[in-house]
Every structure is written in C-alpha cells, then in structure tokens.
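As structure tokens, the structure follows; a few thoughts come after it.
The values are calculated or read from the model by the stated rules, or taken from the named source; none is laboratory data. All values reported here derive from a predicted model rather than from experimental measurement. In this analysis, Cβ positions are derived from the backbone assuming ideal geometry, glycine residues included, and neighbour counts consider all displayed protein chains. Please note that ligands, DNA and RNA were not included when accessible areas were found on the heavy atoms of the full protein model with its side chains. Shrake-Rupley method; radii C 1.70, N 1.55, O 1.52, S 1.80 Å.
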Amino acid sequence: MTSMVEVDGQMIEISNGDRENAKAWFMYSNDDPSDASMSLKETPMEYVGLDASISMIRDCLCKFDADTEVILLGFSQGATMVQIITILADAAQKAPEWNDNLSPFAIIHSAILVSGFASMHRGSLTDSLQATDDNEPITISSLHIMGANDTSVPKHLGDKLAACYLDPKIYIHEKGHFIPHNKAMIEAITDFLETT
C-alpha cells in the first residue's frame with residue numbers, strides 16, 4: 001500500500017512496505033487505506049471493512065460456551081478494535097434479549113488495551129453499535145497500557161481511550177509504541193486479571 005503525506009507543503013507518495021500478509025482490523029479510507037493521521041488528529045471518519053471484522057469476531061465468539069469469560073487484548077489499532085467490541089459487549093450485557101446479533105459479545109469479561117486511541121468511526125455500522133449511547137462509559141473492566149514516550153500513539157490519545165471506560169486501570173511505561181515485557185508490567189496485568 002502507499003500513502004500520500006505532506007512534506008514541506010507538497011504531497012508525496014510513500015510506500016508502506018511490500019508485506020503481502022499485512023492485515024488490519026479496518027482501513028481508514030478507500031482513498032488511502034493505511035493513513036491513520038485523521039484518527040490520530042481525532043477527525044471523525046468511516047472505518048472501511050469494520051463490519052467484516054465485527055462479523056468475524058462474532059462468529060469466533062459463537063464457538064464458546066455462554067458461561068465462558070473472554071478477555072480481549074489489543075495493541076495499537078487492535079486496541080481501538082477492542083474498544084469497539086467492548087461497546088458491543090457492554091450493550092449485550094445490559095440488554096441481552098435486545099438483539100440476537102449482540103448476544104455472542106456478552107461473554108466478554110474484560111479488556112487489555114495497549115498503545116490505543118479512541119475510535120473515530122462515524123457513519124454506517126452494524127445496527128447493534130448504532131443503538132449504543134456514545135456518552136455512557138463502557139462498563140467492561142479495562143487495563144490501559146501506555147508508553148510515556150510513544151510517538152505513534154501519543155499518551156494523551158491513550159488517556160482519551162481510557163476515559164471511555166468506567167473505572168479504567170492504567171499502567172504507564174517509559175518506552176514507546178510497543179508491548180513492554182518487564183516485571184512491573186507483568187505484575188500490572190496479573191493484578192488486573194486477578195481482580196476482574
């Protein structure tokens with residue numbers, strides 16, 4: 001894929017790599033699928049392919065028993081996808097009889113969101129997500145892991161994502177855009193899993 005970026009006032013096309021197996025939960029636009037700059041500038045947009053990802057996750061969740069407690073983990077764009085899925089889970093848990101499309105999401109118990117940013121998706125989406133209230137905090141238990149020196153997803157965007165949740169747990173590491181594997185982070189995750 002390629003993207004158009006502005007350099008010294010001129011638009012220049014750059015290559016985003018030649019990985020044939022590159023995958024994403026959604027694309028940012030039909031014009032420039034890999035340009036996340038609008039999301040990072042908090043510009044509302046319609047995520048392309050989001051319904052297909054939601055359907056895939058719904059199908060996966062249908063394979064579990066109804067008493068299973070699922071914990072989601074998402075990194076970067078995956079954390080944004082986790083936010084969208086926990087919105088569905090929250091709605092399913094509050095009114096499980098409301099919509100058959102929501103019921104598989106009711107088994108989601110908690111979520112770990114790493115280096116994520118709040119969803120900027122606006123526009124058409126599944127009926128179940130459109131029916132949720134954007135002003136209500138998500139009640140699914142959440143742990144937000146953020147890098148104090150993350151230049152890909154700056155910490156203030158992670159803070160806005162955490163603010164979408166009721167009583168979010170937060171762990172901040174001193175590094176950048178990656179999943180740390182130090183003892184303190186492992187303890188933060190373990191504590192979160194043991195208390196949710």
Exercise for the section: Run down the lysines and flag those whose C-alpha is under 24 Å from the C-alpha of K63, throwing out any fewer than 8 positions away in its chain. Expected result: K23, K94
Exercise for the section: Could you tell me what percent of the accessible area of region 139-196 is made up of carbon and sulfur, with a 1.4 Å probe and every protein chain present? Expected result: 57
Exercise for the section: Would you list, by chain and number, the lysines whose Cα falls below 16 Å from the Cα of K41, excluding same-chain residues fewer than 8 positions away? Expected result: K155, K160
Practice task
Could you grab the Rg to Rh ratio for region 133-196? Cα atoms only, Kirkwood for Rh.
Solution key: 0.99
Practice task
Sum up the charges of everything whose Cβ sits under 15 Å from the Cβ of E187, counting Lys and Arg as +1 and Asp and Glu as -1, but leave E187 out.
Solution key: 0
Handout entry: K175 - accessible surface, heavy atoms, 1.4 Å probe, Å² rounded to 10
Key = 120
